[in-house]
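Q: I'd like to ask you about the structure that follows.
Every read-out reported here was derived from the displayed coordinates using simple, explicitly stated rules and does not represent laboratory data. Note that this is a predicted model, so its numbers are computed, not measured. Here the Cβ positions follow ideal geometry from the backbone for every residue, glycine too, while neighbour counts run over all protein chains shown.
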Amino acid sequence: MAKNLKMKAARAEKDMTQADLAAAVGATRQTINAIEKGEYNPTIKLCRAICKALGKTLDELFWEDEG
């Protein structure tokens with residue numbers, strides 16, 4: 001798994017800490033950190049919650065561009 005720099009950037013745009021995002025989606029800060037570092041593959045439910053909290057789509061945050 002690759003690092004999720006898109007999620008980290010989107011969180012920064014919203015001026016949210018990992019703890020802020022974790023609280024918004026009902027996860028732990030450690031879980032958010034692990035997703036951003038590419039060490040944890042979140043459930044689709046968590047992916048959708050993160051997208052909603054950050055105002056992004058699944059494509060924008062989680063889908064790799066096939067190029």
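Q: Give me a count of the residues in the range 52-67 that are assigned to a loop (DSSP other than H, G, I, E, B) and surrounded by fewer than 17 Cβ atoms within 10 Å (Cβ to Cβ). Reasoning before the result, please.
A: Initial filter on the range 52-67 (assigned to a loop (DSSP other than H, G, I, E, B)): 55-57, 63-67.
Filter once more, keeping what is surrounded by fewer than 17 Cβ atoms within 10 Å (Cβ to Cβ): 55, 57, 63-67.
Adding up the residues that qualify gives 7.
Yes/no matrix, rows are residues, columns are (1) under 11 Å from the mean Cα position of the chain (by Cα); (2) part of a loop (DSSP other than H, G, I, E, B); (3) loosely packed, with under 15 Cβ neighbours inside 10 Å:
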| position | (1), (2), (3) |
| --- | --- |
| LYS3 | yes, yes, yes |
| LYS6 | yes, no, no |
| ALA23 | no, no, no |
| GLN30 | no, no, yes |
| ASN41 | yes, yes, yes |
| LEU46 | yes, no, no |
| ILE50 | yes, no, no |
